[in-house]
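> Before anything else, here's the structure in question.
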Amino acid sequence: MSLSSLSLDSNPRFAVGGPCYRRYPQLHHPRSFVACSAKRPAVSASLSVAADSAATESLGRIGSLSQVSGVLGCQWGDEGKGKLVDILAQHFDIVARCQGGANAGHTIYNSEGKKFALHLVPSGILNEDTTCVIGNGVVVHLPGLFKEIDGLESNGVSCKGRILVSDRAHLLFDFHQEIDGLRESELAKSFIGTTKRGIGPCYSSKVIRNGIRVGDLRHMDTLPQKLDLLLSDAAARFQGFKYTPDMLREEVEAYKRYAERLEPYITDTVHFMNDSISQKKKILVEGGQATMLDIDFGTYPFVTSSSPSAGGICTGLGIAPRAVGDLIGVVKAYTTRVGSGPFPTENLGPGGDLLRLAGQEFGTTTGRPRRCGWLDIVALKFACQINGFASLNLTKLDVLSDLNEIQLGVAYKRSDGTRVESFPGDLRLLEELQVEYEVLPGWKSDISSIRSYADLPKAAQQYVERIEELVGVPIHYIGIGPGRDALIYK
């Protein structure tokens with residue numbers, strides 16, 4: 001079955017003629033736009049003036065971003081944040097991670113098209129003039145970090161002197177990962193669907209105040225006692241966790257070696273970040289996960305253990321709210337989710353399978369197939385409200401190119417037909433509500449080689465502009481492929 005043969009009524013949630021189905025009016029005349037990509041292929045002399053003008057406009061768009069800017073996810077993660085960070089990093093001095101851990105999976109490509117999958121190292125690492133900061137709000141698994149650094153170095157990416165790790169960041173140990181799996185097994189049918197990377201247990205250690213921080217590695221004389229407390233606590237909580245003296249001894253020996261290697265990276269990043277702000281250096285914050293997985297604002301308890309929304313920038317880096325300027329929200333042209341939890345616009349029929357295959361929707365971190373569905377405008381407006389986005393990056397627009405029609409989930413309704421005004425925190429309501437859809441025409445053509453907004457098919461422009469109209473935030477960046485140059489500036 002091909003994308004072009006996708007039937008809109010393949011999922012009963014939005015059957016044609018059903019109560020949650022509304023057809024959007026026919027194509028209107030688009031506004032005029034001039035746009036381009038950050039990197040353009042070689043052009044003939046006759047086009048050089050136009051290309052130069054377009055490139056100047058692209059640089060102007062990026063150059064207008066504030067001194068401290070951020071890139072955050074709008075949905076349930078996997079929106080393509082890493083690519084935008086990689087592109088923008090060429091114009092920033094520092095790229096910083098403020099929360100999460102190796103549960104983040106950011107796939108980026110260098111100028112030669114080589115693929116890199118990053119989990120802890122900020123996506124600015126491919127730009128040799130960029131300093132990468134792992135902030136105090138991140139939980140750090142040192143074996144994973146060193147493996148990532150070794151992989152980058154072996155592929156010609158220099159990391160020496162370019163990665164700073166906060167002395168206040170908490171250490172994530174292998175046993176945190178084991179506990180994560182035991183915890184999921186306990187939950188049985190109500191499991192969260194975590195990456196089993198130990199993120200939740202590590203943040204739990206942090207919050208109950210028996211965690212171990214990066215700076216503690218400078219005091220190896222007290223590390224055995226602190227580790228013993230952590231391991232004993234885990235053994236008391238989980239019957240399946242077997243704590244032995246050998247485990248403690250092996251862990252201490254391993255972390256003596258790690259401490260020696262990590263020492264050049266350890267930094268008081270709170271001072272570094274604030275000093276950099278005083279020096280007028282440009283800083284780009286890279287969010288992991290996304291707003292709908294936020295510990296407070298997401299679909300709790302099916303969320304991550306940190307704050308991937310705007311508030312996490314300040315607490316995870318130690319910078320003042322007034323220092324934070326433009327925030328860019330990254331949103332996929334449709335919606336995906338990994339793991340358990342509510343997903344109002346999920347397409348459980350063939351349409352969801354087709355989106356998954358066309359978009360290659362398999363997790364960077366876990367390889368798990370992602371659940372797929374139409375773009376959820378209610379959730380997107382909620383994310384924009386919480387974060388105060390200055391603009392949006394709409395990614396993977398090209399994935400929709402073969403569809404005859406495309407749907408937008410524009411409203412939620414209760415079973416009695418009354419409208420739900422915002423994204424609810426009540427999980428039972430989320431599971432029971434009905435989604436009202438608008439249907440827009442597809443464009444039925446390959447757009448992956450287009451680099452100017454004005455050259456997009458009119459139906460593609462209509463889709464972009466309708467999203468802008470519904471959420472009230474401009475879309476300044478449009479992804480139409482995985483490569484660095486596959487970006488339209490609008």
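Derivation of every value follows stated rules applied to the coordinates shown; laboratory data play no part. Small disclaimer: the values here were computed from a predicted structure and weren't measured. Neighbour counts run over all protein chains shown; Cβ positions are idealised from the backbone, glycine included.
> How big is the antiparallel share of DSSP beta bridges in the chain, given as a percent to the nearest 5?
DSSP beta bridges in the chain are roughly 40 percent antiparallel.
> When the helix-only estimate is applied to the chain (DSSP H runs of n ≥ 4, each -39,500 (n - 2.57), divided by the residue count), what is the mean residue ellipticity at 222 nm, nearest 500 deg cm²/dmol? Could the numbers behind the result be given before it?
Working: 13 runs with 150 residues, N = 490.
The helix-only estimate for the chain comes to -9500 deg cm²/dmol at 222 nm.
> Also, quick follow-up: Using 0.36 nm per residue, how much length does the chain from residue 225 to residue 455 gain when fully extended, once their Cα-Cα distance is taken away?
76.4 nm
> Under a point spin-label approximation (7 Å from Cα along Cα-to-Cβ), what is the residue 111-residue 322 distance to one decimal in nm?
Inter-label distance under the simple model: 4.0 nm.
> Suppose we keep just the DSSP beta bridges with both residues in segment 270-412; what percent of those would be antiparallel, to 5?
40
> Show log10 I(q)/I(0) for the chain at q = 0.08, 0.13 Å⁻¹, two decimals, from a solvent-free Debye sum over equal Cα scatterers.
Log10 I(q)/I(0), no solvent term: -0.50, -1.24.
> Name the long-range amide H neighbours of residue 133: under 5 Å, sequence gap of 5 or more, or other chain; modelled H, no Pro or chain starts.
Those qualifying (amide H under 5 Å, at least 5 residues apart or on another chain) are 95, 96, 97, 164.
> Further question: Please go through the residue pairs 196/444; 83/226; 206/256; 226/280 and name each one whose alpha carbons sit more than 30 Å apart in this structure.
In this structure, 196/444; 83/226; 226/280 exceed 30 Å between Cα atoms.
> Please list, in order along segment 344-353, the HN-Hα scalar couplings obtained from phi with the Karplus expression 6.51 cos²θ - 1.76 cosθ + 1.60 (θ = phi - 60°), rounded to whole Hz, x for Gly and Pro.
x, 9, 4, 9, 8, x, x, x, x, 5
> Can you give me the relative contact order of the chain as a percent, contacts being Cα pairs under 8 Å and 6 or more apart?
Over the chain, the number comes to 23 percent.
> Report, in degrees rounded to the nearest 10, the 0 to 90 angle that the Cα long axis of helix 48-63 makes with the longest principal axis of the chain.
The angle comes out near 50 degrees.
> Mind checking the alpha-carbon convex hull of segment 330-489 and giving the volume per residue in Å³?
Working: hull volume 19.7 nm³, N = 160.
Dividing the Cα hull volume of segment 330-489 by its residue count gives 123 Å³.
> Cα convex hull of segment 171-262: mean projected area in nm², to one decimal?
So the mean shadow area of the Cα hull is 6.0 nm².
> Kindly give Rg over Rh for segment 88-174, based on alpha-carbon atoms, with the Kirkwood expression for the hydrodynamic radius.
My calculation of the ratio gives 0.94.
> Let me ask something additional. In the chain, once you exclude exposed GluC sites (Glu not before Pro) (DSSP loop, at most 10 other Cβ within 10 angstrom), what's the longest stretch remaining?
That would be 129-420.
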